Structures are given as C-alpha cells and as structure tokens.
Number of protein chains: 4
Amino acid sequence: MALSARRPRAREAGLVLGTLSPGPHNAITDVAGVRVGHVTLIAGEGPLVPGRGPVRTGVTVILPHEGNLFRQKVPAGIFVLNGFGKCLGQEQIDELGVIESPIALTGTMNVGVVADGLVAHAIRTNPDVGITTSTVNPVVGECSDAYLNDMQGRHVRQEHVLEAIAAARPGPVAEGCVGAGTGMSLFGFKGGIGTASRRLPALLGGYTVGALVLGNFGRREQLTIAGVPVGRELAHWQPPVDPEPPETGSVMVILATDAPLLDRGLRRLARRAALGLARTGSIAGHGSGDYIIAFSTANRIPHDPNGLVLTLRHIVEDGALIDGLFQAAVEATEEAVINALFAATTMVGRDGHVRHALPLDETLAILQRAGVLR
Amino acid sequence: MALSARRPRAREAGLVLGTLSPGPHNAITDVAGVRVGHVTLIAGEGPLVPGRGPVRTGVTVILPHEGNLFRQKVPAGIFVLNGFGKCLGQEQIDELGVIESPIALTGTMNVGVVADGLVAHAIRTNPDVGITTSTVNPVVGECSDAYLNDMQGRHVRQEHVLEAIAAARPGPVAEGCVGAGTGMSLFGFKGGIGTASRRLPALLGGYTVGALVLGNFGRREQLTIAGVPVGRELAHWQPPVDPEPPETGSVMVILATDAPLLDRGLRRLARRAALGLARTGSIAGHGSGDYIIAFSTANRIPHDPNGLVLTLRHIVEDGALIDGLFQAAVEATEEAVINALFAATTMVGRDGHVRHALPLDETLAILQRAGVLR
Amino acid sequence: MALSARRPRAREAGLVLGTLSPGPHNAITDVAGVRVGHVTLIAGEGPLVPGRGPVRTGVTVILPHEGNLFRQKVPAGIFVLNGFGKCLGQEQIDELGVIESPIALTGTMNVGVVADGLVAHAIRTNPDVGITTSTVNPVVGECSDAYLNDMQGRHVRQEHVLEAIAAARPGPVAEGCVGAGTGMSLFGFKGGIGTASRRLPALLGGYTVGALVLGNFGRREQLTIAGVPVGRELAHWQPPVDPEPPETGSVMVILATDAPLLDRGLRRLARRAALGLARTGSIAGHGSGDYIIAFSTANRIPHDPNGLVLTLRHIVEDGALIDGLFQAAVEATEEAVINALFAATTMVGRDGHVRHALPLDETLAILQRAGVLR
Amino acid sequence: MALSARRPRAREAGLVLGTLSPGPHNAITDVAGVRVGHVTLIAGEGPLVPGRGPVRTGVTVILPHEGNLFRQKVPAGIFVLNGFGKCLGQEQIDELGVIESPIALTGTMNVGVVADGLVAHAIRTNPDVGITTSTVNPVVGECSDAYLNDMQGRHVRQEHVLEAIAAARPGPVAEGCVGAGTGMSLFGFKGGIGTASRRLPALLGGYTVGALVLGNFGRREQLTIAGVPVGRELAHWQPPVDPEPPETGSVMVILATDAPLLDRGLRRLARRAALGLARTGSIAGHGSGDYIIAFSTANRIPHDPNGLVLTLRHIVEDGALIDGLFQAAVEATEEAVINALFAATTMVGRDGHVRHALPLDETLAILQRAGVLR
C-alpha cells in the first residue's frame, strides 16, 4: 500500500468520470456496513518452480454487513458477461436470491481452497452449519494471475481467508497490487483491485452504489480512459507488453448498494456494470471470465425466520431512481477499473515476468491534451 | 431517403470508430446474402387522433439469405440486455438455435400484426406450413415510436410486411428515418435505422460481421461519439429536447456474420453488441428494451433433413479469430448507432412533436476540437 | 360444454391424484379473483381449404384479478421446459417480474392476431397506453391445432379476444374442447383445456394453487394416469391413433396462487409444474413447446406508484410452506391434464381427421383393476 | 459392495421401468469410454465430534473418455432444476459448451477440497496448466450427507480424488453406499449411487444414454416406483423415518451419451432427466439442490486446435431420434434412482442416526400386488 499510496486515484489526478458524485471514500465501503479485507502474498523471485513460487497472489473479501451474514442474508444477483471462469456460488444465488457468505476473490487455481476457507469461517461463526442447520453457499470469484504467479502452487490457504475476513474494515480500501489483485494484469499494465462509488441525490433517496473490481483484462491498445484511446496513444511506450500469457483475462465486479433491490433488481444492476467495463475499452475477450455480483444491504433475509411471510422493500422500478442506480453502477464500475490501473505498481513475478504500472505522467499528459482533466 | 442521403455517414465525415476495417458497403449487407427491406409509413400531421394518425412508423426486415429460410434455417442466438420489450421468437431461438423467418422490426404496438404478416409470408412461400409440416417461428423486434406516431393505430399492416420482404435487397442500406426507424428517437435527437460492418483480415478468415440497429434510446446528455461526450457539449443546444414521453427507449441490434458460429457462439457475439452500445453512452435505461439477435450464414440447418446426423462447422473458440469477431461486433454496433444519428433528419410527428436531427455542424466541430476526426 | 358435462371429471370418477385437497371448484378460479373466459370456434367440415376451414380453434383468457391489470400488475414468472413454441411476453416478465395483460391461449398461428387483440383491449381499458404512458406487454401462449383445424386461416380475430375477456368469470371452468382447447390432441386422444387446484392447510396459510392447462402433447403409449400406464394398456384400442401430424405437441400451463410469491418464487413454482406433466407420461418431446406461466395475486405492483419504495410480501422460503406450494403445483398440474382428457369429446376436423375422446369406460376399468380408484 | 451385491438391482427383481432396452451393464458405462470411480470413507461411530467423525462420506468421479480430457474436451450442458446447491463449473460449461475435467460428486462441504483435488489432477496430467496454457474448469457436484456424516470434518481429501480417478473403470458400477453416496438418504431410506442406461434401436443409430445419480432427496411418502405409491404404502413401516435433518435433499444426475449432441442439445437432454426424477415421486423440494449434467462423447473439442474452423457432428433434431434420446434420458434417470434405493443398505452414522435400507421384501410385495413386476 505504501507504494500505491503515492500514486493518485483517478479523481485526485483531476479525472472525473461520469456525472454523479462519489461517496465520501469513493469506495464500495461507502455503502454502510460493507467491509473489505485483503491478504497479499508476495514471496520469492526468479524462475518458476511449480508448487514453490515465486508467489504473487492473495485473497480479497467483501462483507455486506457487520452481522452474522449466514443468519442475516442479503439479496443478491449475478450477471455473467463471459462465463470463461470458475466462480462458485452462482446457482444458489440465482435460485434463492441471497448471499450468506462473504464474497472472496482470488487467483483462479485457489478457488477450491478459498471455498474451503469460507466453509471454515461459516463453521466458526455458526457451529450448527451442516449439523442442525443447512450448509453454507460460499461465493468465490477468481481471475488468473498466471503471468506473475506460481498458480499451480495454490499459495492461498484456508488461514489466509480467515485472516482476510478478520482484517476486513470499512472506510478507505487499499487498491492496486493487494489481496486478490496482487498478480493481476489490466490492459497489459499492472492491474488489481480498484473501487469507486456514486451517491444519488436526496430526491432519489440518497442511495449509494459502490463497485469493487478485480481487474485483469484487456490488451494495451484497448485501454480507454474518459473516452480517450489512451492505449493506442501508448502503443509505442517502452517497454512493450511482454508476450501475453495464454489466458489473458478476467474481471470480477462486486456491486453494493443500500437501495432496496431484490434479486431481480440486482441482476438488472449487475448487467449495467458490463457497460461500465465497456467504457474502459473492454470487448469481453474470449479468455476473460467476466462476472458481476451485486448485493443490497437494504433487506435482511433471516436464516431462522418466524412466521410464514416476510415483508420486503423494493424500489419503484420506474422513473428517475432506477435509472440513477443504473448510471451509478456504470460510472462506479468504470472508475473502479481506472482506479485499479492508477493504483497498481510495477511488479516482477515468476520467471522475471514484469507488469509495468500504467505510466501516469504520460497518461495524464494524454488526458490533458484531450481536454478531459479538470 | 433523399434527405438523409445529403447527410454524410459517420465515416464519410471523417469519423473512424474502432480499428477494424469495414466491408464494402459498411453495412449488414456486407455479409453475403443478407438483404434488408424497409416500408416507411408517413401520413398526416397535427393533433393525435388515436387510431387515425398522424402516422410515423414502418417496418424493416432482415433476410439472412436469398433462399427459402424456412427450409434452410440459419443458426442464431439472442442476448437480452434489458428485457423491457415485446420481442417475439426468443424461446424457440434459444431452444432450437436457429431462425427460420425473416427478422422484422417495427413499432411496439405493431408486433402482433407484423408477426401475423410473417406468418402470411411463410404460408405463401411454404404452403405446407401448419398443414403437413410444422408451424413457423416469426421473429419480431420493436421499439416505441410513441412520441411521434399514433401507436394505437397500429398502422403497419400485413401487406406492409410482405412489401418490405419483397423490397429487401443487398448492397447499400437506407438509414435514418426509414422503415421501423421512421418514428424513433435517439439520445433526444431523431434516430432510426443505422448499419455498419467490419471485416477481419484474411489471416483470420476474412470473415465479416455486420450490424443493423433500430436506435431509439438514450438521453441527450448521454450521447458519446468516439469517446467524446458530445451530448453534454450540446446540453444547451437549442431547442432543448421536448419533454420525454413516458417510455423513452429501446434498441434492437441485428448482427450478421459469415463466420461459422452456432447458437452458443452467436449468443456470445450478441453479448458484445451491448458493449458497442455502451460506447455510444447507453446505460440500458429501465424503460429501454435492448435486444440483440445474431445469426450466421455459414451453416444451413435443413427443415427436411436426410439421415440422422448433420455435419456443422464452428470456429475454433480460442485465439485471435474469436476476439476479432467480438471486436467487430462491438465496433459495428457502435458505428451503426452513430450512423443512425447521422442519417436521421428532423421529423415532426403527432401533436406537433418534433425530434430534431443531430446538428451535424456542431457535432463535427466538437469532434474536430476533440481531435477525433480524421 | 353440454357434451363434456356428461363426462365426469377425474375426481368425480373416483380418481384421487396426490394427497392435497382441491379448492371448492377444483379449478384455477379457486384463487380468489381469477377469471377464465373461452371463445370456441367450430365451423365447416370436410376437406381442408387453407384459409377457409374447417375451423376447430379458439381462444382462452385467464385474468389474474378483477381490476385493471395494466394499472395493478401482478408478479409472475415463466419456466420454459421446451421452447419449441411461440409464446409472446416472456422477456418482459423475466425482466420486470410482472404481468400486466390477460394471458391468452390460442392456436399457434393465431398468436399475432391474438396479441393484437390484447393490445386492443389494453387501449380500450387504458386510453393512455402508448400515448402518455408506456405500451403494454401482451402475453400469449399457443399450441398447434394443425391436425383438426385450418391453421393457416388464423380464424381467431381481435373481436374474439375481446369477447373471451368479456366472458371471463370466476367459478367452474369449462374444460375439454373449448376455447384454445377446441382443436387440441393429448396423448393421441382429444385434448384441450383442463383445470384443478390444491389448497394448503390453515397451518400453512391456507393458500391455494390453481392450474389451467392447454393440453396438446404426448403419444398414446405414454399416457399415465395415477401411475398406471393406461396408454400402454389401450395400445390396441380401436381405432388406432390417426397418423400423427408433423407437429405433435405442446402444452401451456398457467399456475395461479394467492400465496405471496414474487417473480423468483414464481419461477420456482413454475418449474414444479413440469414434474406434474411428467406424472402424466410427458417426456417433453422435441416438437412440444412446453411453457409454464405462474402468477400470484398477493402483491399488486402499481403502474402509477407514489414514492420511491414499495412494500412487498414474500413467503418464507424454508420449511413446510414452500414445499406445500411446490407439491400443490405438481398435483394441480397433473390433475388438470387428466381433467382435460376426461372432459374432451371426440372431434372430427379438417380432412375428416378424427381425435377420439379418451374411452372413459375402458380407462376407468383399467384404473379400477390397478386399484387406484376410490 | 459385498452387502449391496446381495440386493438385486431393480431389473433383476423383475421391475421393468419404461419401454426401451438397457445397455449390457445397464449403467452409465454402457456409453463407450465412460468410467466411474469411487472412494468410500467410513470410520468411527457414536456421537458427532465435529471435525473428527463419525465419517460417512466419499467421492465419486465420472470420466467421459479414456484420453486426456483437458486436451480433448467433450460437449456438455447443464440443467438446474433447483439451484439450492454448490455445484462448481456451471458457468464455463454454459459459456464454452464443454467439460475438460472429470466430474466429481461428493458431500456438500467437501466441494472446495474436491475442486482442489481436480486441479491437482489436471496439473499432474497437464503440467502446463496455469503456466503456458489456460487453467482448468473443475466440475464438482454435491449433496448433503449431514444426517449420517460429520460434514464439518470435510473428510474427503485431495488424495481421495486422485485415488477415485485412478480407480475409475468401465463395466459394472458399484451402487448404493459407495463413493459420494456413502452418507446419502433417499425418500427417507438409505440412498446413494445408482445407474442405468438405455440403448436406441439400430434404426435410430443404436445410440446409448446412460445415467448415474447421486440420490439424496425426497420424503418417504413421496416414493413412487413404476407409478406405484410405494412410499404411502410403507407409511407405517417400522421404524419410522428419523426426524429429518434440516437440509433434506439434493440429487445430482450425470447423463452420458454417444449420440452426437452439442451443448444446446445436451441441455435439452438434461432437462428430460428432471422428468425421470418426477416419475420416482420428486417434487424438487426447496431444500433439494437438483442438478443434471449431460455430456456426449461423440465430438472431441481439442485444447490445441489447428486452423480456424472445426467440423462437428450433431443429430438431426427432428423425428424419432431425438425423442428416443429424450425418452432414454427419462427412463435411465428413473431407473438409476430406483437402483440406488435397491442397492443401498442400512447405515448407522453420527449420533447413532440410522438410515434404513428400503425394505425390499415389502417393496416387492407391494409391486407384485400392483401388477408391475414381471
């Protein structure tokens, strides 16, 4: 974080994306109760020794609220823009419309272990899981950190998941080469974690939409910032992108909101995040597993309900509020991707593979010339 | 057409969107065999007399090949970005992976009559339909032309569908206020039909992806051209957008390709068109029914097959070809939307409602200043 | 109705399917407010003259409540078991989770005209449709009556739709060869409309699930009643099934409930109706378009809402209530199919095609021998 | 296995389900190349010590062919009847239409570890995975063995997965309390693994459809065998069903065929398995995660293809062949469930919980009286 902290976030650099205002942290944690935790694993250097290292990976968890999530579930919905990925948990979210587990993000080949870590967490916090009550639906998303990391080593362990959950907190969110973002690449530059948020005006309820992305997609020439084809202008920036690894992609987007949306509304919201990705230049390439998970903190679905019927709240799906939420999802996703790029610093990984940080000076100069900086 | 011909297409005006090259007509008809036909209905002016007029509507048909489509079906796939619409035919396309009817586009409330027109066409060309062979799956998409047109009048009749089919031809495609596009609005300006295409290099098979859009979505401030927020720069252009009608949207995108893709591949392609819409500023607003239908002309699925097994061709879904097709779909969709805007001319409709053409001089000046014109 | 009234319903004949109790009418109308209307079109005989006759078709409408459905929408969900059909309205139901139009059932090639009839109805009851408010999403399901009817003639007209809506009423529902069921075939016998219901005990809220089917699927040897392979036992019953027409199938199931379920819960309920079809012997044959539409009357979604947020009710999805509803959907669907078979009477259609009524005496004797009659 | 071998399979007991003929082993392995392997874990008895035991669980793997599946993928499709489950791999199957990993079945809380085991297997057999080629999509299905097993212990380890794969073989398949089926319950009796197959006549290509189920669903009173309500007739059989554990269900069905079906066709096939489940009495209860995965061995999709285009084979989706395959899927699924019940023997698990074997003498007597035994 120290290094990335020296690089400004997009908005700090004068880049204003979209027209809605961000929340106080311009982060997914602007949705009250949402917490984010990272565990970053960096060890070794030099040639890849499969199963040993070098290690450039990690895990990031997003917790929708501060209570017992298994006992107080929240509505959720998923949109799969390109299902070349190994996300766990989708079917139950589709079927029951809720999440009941922290959302964990990690490198692709860690999914099994991380899922097991979420199960361990559920058991610790709910000792009756799988004994006198039902099992838990762990939600795990992934991107491939193959270019920098010894993926075969699956270096994220159960304890790292528990550690990330314990470390989760509200407020500012570390971005760039942290947690699951440690080994990720974005438009041929170093990628990773980014976040942003948008807050609707009071007339539209003052609701917040926050986005957190694990950004690991795109080729250099596709990079678009505020509509400016920055990637093409950086086509000859040296050094060139190292030869692409065989699987060049994926992005996970997590959307949080305090607007009362149920699963159907959240699937609608999730689809809009794809439009935010497009604004950064994404074509959702074949090899890129692109998933969006959206949840709302406005309704709680109890695990141990009384009675036969719940009362739920849902926005009126007509008029300015829903379009405001949609716009917020587009803008927050777009800015979260750019924040990931701005924050991530150059990293050398396995076999001496290098992912260079987005050259900020050149980038800002391009944006300046295009007239899009404030 | 005369009027719209005087307005340049985007590329003629020096605007180059994306990096792939268009086909010879920069139109969906660059996919060999594809034909497009329009019937434009304009009649009356002044106050709305529901059921009478004024009439500002029409029908546009897209035919995948020149043969008997019912007898020689083509693979197809659909993506619904926002299902606030009344598209007919989706389930059977999802289930059987083919289309067997011309695709017809029209105003929302005409869907029933236009579907009936497609049935009439199927009966004429296949007298055994519904007697000794199965029935036909008509495919109809729609957008709302409520702002300019007497929708309640459902002025498109069966014979107009047959006429549009008879008028369908290859080569250049009329754009703007024609056919189904007659009464449409786009980013608060006059919208309608637009088209574009992309051709892959020979090393990638030289395949073509063509897009045709019925563009009827967006608010003025959202309009983005080549990444430039043209709509915001035109915020104070006079006259302002008339008060929006209650249903402000929808877009139908038809993608055609000669690359051998089956239904699953075509659904994947269709999803990328959504990213092309995003590049023009779309947030897929609540009220906008956004549908993409993609078909491929490279395999024919016979209605009356011999034997038990068909041999089909499908692209290798790995490497540069599929990403080239995806990029082509994004770029062709984006340019088709902009072409619709460039082509459409000011129209006065029911109750004196006016949709102004995009002011080209001002727009080109903005684009010039932003440095995106060639 | 006179003829069919002489044939007992399944339960009247001592056949008890499942273990839950039916409502007072054992019909979809046991859900308070639900109304059903039929228009039956029978004209001509002898050789088929395409476009002229003979006519053996009709339209059936289901109205979820007695108010203005466009203004007070109800939650709905769809499950497509086999999408070889031309159902209209699915995407908007999936997207918005409501229906706002009567559900109309008819013969396949009438879908366009019947959709137009629903639009006409919406305009009459809501003169602002498509002018100052949004358009309407007509919901039309179909099965093929090709074997008996002159399908190409599309003999159902707009006025028949309006007439069926006007005729809709609560209470007992005419079954068999009525409305959309007029020309349908079921397991090689005469099919058509059937209905049934189940009521949960008071401890589970006393909720009702009603099913109405338009039954037009299956081959004789598949017919299963109360688990007994009646079709196989009737294999040699004379006369044999006439040669099957090329399109041999389809079934539409409409489920109604007063239990508070939203769209997701209703999709879950709809899927269970497929299990009810299976109990009658269905294998969901390739040519059979099998659709289930479920709606709940327990929440109203206003077209012209006040404020930003709605309060909705939804059952607790755990424990005995939801499984009770699922079981009710299975049983009501199964019995509705059998009721359609029991009610339908022999019909001679185009070209002298005959569909024989299920031979009740033989059938009941088989069931008696198998020990399943009370 | 010794115990279960003494219990006859359904067909050996004179029970003929459906009308198609089974293959030589009446097992999923009748599809040439398909292999099945089990690892059964039984240890300890007495009170549950979470994390320690007693252990009543295991893992079952299904391998589509004998080659390197990652290098030679096979088409696949999934249908989720009730998504209350934690199946891994669905999105990529939906997106790419193939499986590239053995399918592993296990107890719910083992999913993470078993997925990790499949990754380990992929690395062993393809050392370039995640280094110079893409990652692998592990496919894991699960049911809850909470009633008998110490689920929290996740006693299945990576090595068990590798061991099950090594043990996989063609020919007869062990059924009942083996592998993943060790701790499962079915209609309140002991459940587990069952399998069956159907072979089409030579005129329809002689294709085979095989089913393997991990059966763990239903309440006693629902059990239906050959249409006979056996469960209701056994209502008072002693001892009664122990109080149900809180999560009472799930079933995984794996369908294999050598008929040339691609992903869409396989999804269609998978949906029919749900109808087979219904024939055994399933209502797809809320708590039952019901998934069907279907694959075909008739096309191989190479991981390292040459050229731009593949040639694929697909059945003609019309006429008797596809309906034959559908019927085969229904019948094989039904019989596989019944075989699981017939094979499974009484098991005592954690806390002295007992699941009694289906009482075969009583069951066969009931079936005899109903006249359904040969």
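The values are calculated or read from the model by the stated rules, or taken from the named source; none is laboratory data. Fair warning: this is a prediction, and the values are worked out from it, not measured in the lab. A quick note on method: Cβ atoms are made from the backbone with ideal geometry, for glycine too, and the neighbour counts reach across all protein chains shown. Surface accessibility is based on the protein's heavy atoms, side chains included, excluding ligands, DNA and RNA. Shrake-Rupley method; radii C 1.70, N 1.55, O 1.52, S 1.80 Å.
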Legend entry - Centroid-to-centroid separation of region C:54-125 and region A:332-370 [C-alpha atoms, Å]: 52 Å
Inset, instruction - Report, by chain and number, residues whose modeled amide H sits under 5 Å from the one on residue C:215, excluding near sequence neighbours (fewer than 5 apart, same chain). - result: C:192, C:193, C:194
Inset, instruction - Name the shape class, rounded, prolate or oblate, that the alpha-carbon gyration tensor gives for region D:11-369, where a ≥ b ≥ c are the square roots of its eigenvalues, rounded holds for a/c under 1.5, and otherwise prolate holds if a/b is larger than b/c and oblate otherwise. - result: oblate
Inset, instruction - Using only the Cα atoms of region C:91-180, build the gyration tensor, take square roots of its eigenvalues as a ≥ b ≥ c, and label the shape rounded, prolate or oblate: rounded if a/c is under 1.5, else prolate if a/b is larger than b/c, else oblate. - result: prolate
Legend entry - Copy-to-copy label separations for residue A:132, where each label sits 7 Å from Cα toward Cβ, in nm and ascending: 5.7, 6.2, 7.2
Legend entry - Rounded percent of accessible protein surface that carbon and sulfur make up, chain B, 1.4 Å probe: 52 percent
Inset, instruction - Could you please point out the chain C residue with its Cβ nearest to the axis of the rotation taking chain C onto chain A, and the distance in whole angstrom? - result: C:312, 2
Inset, instruction - Could you state the accessible area per residue of region C:11-369 in Å², with a 1.4 Å probe and every protein chain left in place? - result: 26 Å²
Legend entry - Label point 7 Å beyond Cα of residue A:351 along Cβ direction - residues of region A:44-60 with amide nitrogen under 18 Å: A:44-57
Legend entry - residue C:251 long-range amide H proximity, modeled H, under 5 Å: C:289, C:290, C:291
Inset, instruction - Mind listing the label-point distances from residue B:47 to the same position on all other copies, shortest first, one decimal in nm, points 7 Å along Cα→Cβ? - result: 5.6, 8.7, 8.9
Inset, instruction - Please go through the residue pairs B:86/B:190; B:86/C:86; B:86/C:73; A:73/D:86 and name each one whose alpha carbons sit more than 19 Å apart in this structure. - result: B:86/B:190
Inset, instruction - Please label the shape of the protein assembly as shown as rounded, prolate or oblate, based on the square roots a ≥ b ≥ c of the eigenvalues of the alpha-carbon gyration tensor (a/c under 1.5 means rounded; beyond that, a/b larger than b/c means prolate, else oblate). - result: oblate
Inset, instruction - Note the buried accessible area between C and B here, summed over both chains, with a 1.4 Å probe, in Å² to the nearest 100. - result: 3700 Å²
Inset, instruction - Rank B:95, B:159, B:335 by mean-square fluctuation in a GNM of chain B with C-alpha springs under 10 angstrom and give only the top-ranked residue. - result: B:95
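Counting alpha carbon pairs within less than 8 Å and at least 6 residues apart, what relative contact order, in whole percent, applies to chain C? Don't skip to the end; give the middle numbers.
Values: 1032 pairs, mean separation 97.2, N = 374.
The value is 26 percent.
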Legend entry - Helix runs (DSSP H) in chain B reaching 27 Å along axis by Cα, Kyte-Doolittle at least -0.5: B:320-343
Inset, instruction - Per residue of region C:96-101, in order, report the coupling 6.51 cos²θ - 1.76 cosθ + 1.60 (Karplus, θ = phi - 60°) as ³J(HN,Hα) in whole Hz, putting x for Gly and Pro. - result: 9, x, 9, 10, 9, 9
Legend entry - Label-to-label distance, nm, for residues given as residue C:203 and residue A:203 (7 Å Cα→Cβ offset): 5.4 nm
Legend entry - Inter-label distance for residue B:320 and residue C:32, nm, one decimal - labels placed 7 Å from Cα along Cα-to-Cβ: 6.9 nm
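Determine the calculated [θ] at 222 nm for chain C from helices alone, applying -39500 (n - 2.57) to every DSSP H run no shorter than 4 residues and normalising by the residue count; nearest 500 deg cm²/dmol. Show your work: numbers first, answer last.
Details: 8 runs with 93 residues, N = 374.
The per-residue figure over chain C is -7500 deg cm²/dmol.
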Legend entry - Distances in nm from residue A:32 to the matching label points in the other copies, shortest first (labels 7 Å along Cα to Cβ): 3.8, 6.5, 6.7
Inset, instruction - Using the Karplus curve 6.51 cos²θ - 1.76 cosθ + 1.60 with θ = phi - 60°, work out ³J(HN,Hα) for each residue of region D:348-356 in order, rounded to whole Hz, and write x for Gly and Pro. - result: 9, x, 4, 6, x, 4, 10, 10, 7
Inset, instruction - Pick out which of C:278, C:166, C:343 has the largest mean-square fluctuation in a Gaussian network model of chain C, springs linking Cα atoms closer than 10 Å. - result: C:166
Legend entry - For region D:210-216, Karplus couplings with θ = phi - 60° (6.51, -1.76, 1.60), whole Hz, Gly/Pro x: x, 10, 10, 10, 9, x, 7
Legend entry - Cα-projected label distance for residue B:25 with residue C:13, points at 7 Å along beta-carbon direction, nm: 6.0 nm
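Trypsin sites (Lys or Arg not before Pro) within region D:1-93: which are DSSP loop residues with at most 16 other Cβ atoms inside 10 Å? Before the final figure, lay out each step's value.
Values: sites: D:6, D:9, D:11, D:35, D:52, D:56, D:71, D:73, D:86; in loops: D:9, D:11, D:52, D:71, D:86.
When the trypsin sites (Lys or Arg not before Pro) of region D:1-93 are filtered for loop state and at most 16 Cβ neighbours within 10 Å, D:52, D:71 remain.
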Inset, instruction - Springs between alpha-carbon atoms under 10 Å, Gaussian network over chain C: tell me which of C:266, C:277, C:203 tops the mean-square fluctuations. - result: C:203
